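The next block holds one structure in the form of structure tokens; read it before the comments.
The values are calculated or read from the model by the stated rules, or taken from the named source; none is laboratory data. The structure displayed is predicted, hence computed values, not measured ones. Ideal geometry is used to build each Cβ from the backbone, glycine not excepted, and the neighbour counts take in all protein chains shown.
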């Protein structure tokens, strides 16, 4: 076959250029669609709702929500306002009074669910708690108030411990596990006959026994060193008898011992009532409100603040119904020579003050 036939076949493609067999450059046509430009949004003015102010609330509502009277709240605010007031007036900073009300309602309810306001810091309210007074005039008044209850003389305070539930740190879980297998701080409190808290220790975990806390507290060391020789404390049998701490008899036999036990129980019950009032007023401390979801250091601050506010409420004559059950945990721990000396002091008290029946 010669080339003529092949070339003749190519004539069927007249559009093909036989002399220039090069590919033509294909140019793609790009269609530009118009870009949709969103209109610029005009800034909307920020709307700030009016802060909750006490002037718009009734006296009953204030006490129910914050556990303090209007006057007490204002007095407390003026004492701590330098620490909680905002340092700027820009951006509608949360007022100091709103912070204080937020803290008070949290302490009263144990939850933030009903709280309206800004964040607040309990450590701003930190202050040394009242301790056992060394002034003779005040000690005489405290002794007289206790003596009026059941004629037990020279009592400077009633002492006991109470547990405040918390969520423990993962690396120290065993330290905060108490005898009931929960986790808590074990808080030592001393009160007077009027339920006023005179001394509080909040730094010990729930695994510590009451007597251990007393021995390692500043108050216990002062009594042990003889700095408070004008009276004694009242405690349950778990503390063990000491020369400066009277405990009840486990098995009273004589009439005098029975009268002593009755007087001891009637007088020491002030600390149980103090715990009941404290936890009824500030439900964040009671187990019914759940455990506090804070570090142990923060929980210790919360307990201390509640004790201070409890004293403020008593100062303003605010009564509250006790709605939490009493805490009773009596286990004898008499041991050692200190207990023997304490038993001797207790026998002398029974002989001097309860050997003869007393008529009302």
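What is the one condition in (1) buried (at least 20 other Cβ atoms within 10 Å of the Cβ); (2) touching a helix residue (DSSP H, G or I) at 6+ places or on another chain (Cβ under 7 Å); (3) at pLDDT below 95; (4) not in a loop (DSSP other than H, G, I, E, B) that residue 310 does not satisfy?
Every condition holds for residue 310 apart from (3).
Among (1) over 24 Å from residue 279 (Cα atoms); (2) at pLDDT 90 or above; (3) out of contact with any helix residue (DSSP H, G or I) (no Cβ under 7 Å at 6 or more places or on another chain), where does residue 90 come up short?
Result: residue 90 passes all but (2).
Would you check if residue 260 is over 21 Å from residue 200 (Cα atoms) and buried (at least 24 other Cβ atoms within 10 Å of the Cβ)?
Numbers: over 21 Å from residue 200 (Cα atoms): yes; buried (at least 24 other Cβ atoms within 10 Å of the Cβ): yes.
Here the answer is yes, as residue 260 does meet what is asked.
On the basis of being surrounded by 13 or more Cβ atoms within 10 Å (Cβ to Cβ) and outside any strand (DSSP E or B), does residue 149 make the cut?
yes
Give me the pairs, please: first residue somewhere in the stretch 302-314 and outside the structural domain of residue 66 (by TED's automatic domain parsing), second residue anywhere and in a helix (DSSP H, G or I) and surrounded by fewer than 24 Cβ atoms within 10 Å (Cβ to Cβ), beta-carbon distance under 6 Å, and either six or more positions apart or on two chains.
What qualifies is 302/122; 305/122; 305/125; 306/107; 312/72.
Give the residues of the stretch 219-264 that are without any contact (Cβ under 8 Å) to a residue 60 or more places away in the chain, assigned to a helix (DSSP H, G or I) and farther than 15 Å from residue 157 by Cα, sorted by residue number.
Matches in the stretch 219-264: 221, 224, 258, 261.
Quick one: is residue 251 in contact with a strand residue (DSSP E or B) (Cβ under 7 Å, 6 or more places away or on another chain) and assigned by TED's automatic domain parsing to the domain that holds residue 165? Step through it out loud before you land on a result.
Working: in contact with a strand residue (DSSP E or B) (Cβ under 7 Å, 6 or more places away or on another chain): no; assigned by TED's automatic domain parsing to the domain that holds residue 165: yes.
When the stated conditions are applied, residue 251 does not pass them.
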